[in-house]
Ligand code: ADP
Ligand code: MG
């Protein structure tokens, strides 16, 4: 099915309004392919080049699915760098603004006491680098019981930066009943071999370079 604009996805008015404010009029190809599958809670492995709009491809369906009343984090986004964690947090804040979605960025070098306070208050989405996320998991300051969605963003950079073992460690701590989405600009074998969930085979989405 071809979607010509965001109104053809079944998105709530709050999300559509936020996309208007952002001036996102037409979904990019990766958004067109990912959003319907993500809304159906499919596990996804997505290869698409830098600048193709991958953040909104996962942030839109996640914001749509967030239950505002739940106080514990419902989505965990892993990013290789602090800069990306901050950017992705802002994207969630923008896309989720009319749903009043609260995102927290947690990353090495950021005061852990500030993060603990933030995580104790209502946080719908936690965005962070693997090392710091693991620190919070060990300390019990990042509750995982309500996490129903995991995103691994820039998986190829995670691999280059030596974070893949930590990512696997985090995957093993998460509730089994969840959706997992992995995004990468390239798809090295080691990334394909990551076991994202116990039984389900992920849907592979490959956006070609020339599109
Ligand atoms: P990627 O993660 O694939 O490198 P990003 O998610 O960072 O790409 O998006 C790249 C840029 O495109 C960002 O500035 C973002 O705000 C913008 N963008 C994303 N989706 C749309 C859209 N549908 N319409 C207009 N701009 C968009
Ligand atoms: Mg990106």
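Quick note: the coordinates plus some simple rules give every number you see, no bench work behind them. Owing to the predicted nature of the structure, the values given are computational and were not obtained by experimental measurement.
Rg(Cα) of the chain divided by 2.2 N^0.38 Å?
Values: Rg = 16.0 Å, N = 211, 2.2 N^0.38 = 16.8 Å.
Compactness ratio reported: 0.95.
Would you give the gap between the C-alpha center of the stretch 10-78 and the C-alpha center of the stretch 146-207, rounded to a whole Å?
Between the Cα centre of the stretch 10-78 and that of the stretch 146-207, the gap is 17 Å.
Can you give the % of DSSP beta bridges in the chain that are antiparallel, to the nearest 5?
Details: 0 of 24 bridges.
Bridges in the chain are about 0 percent antiparallel.
With a cut-off of 8 Å between alpha carbons and a minimum separation of six or more residues, what is the relative contact order of the chain in percent?
Working: 374 pairs, mean separation 56.7, N = 211.
Relative contact order comes out at 27 percent.
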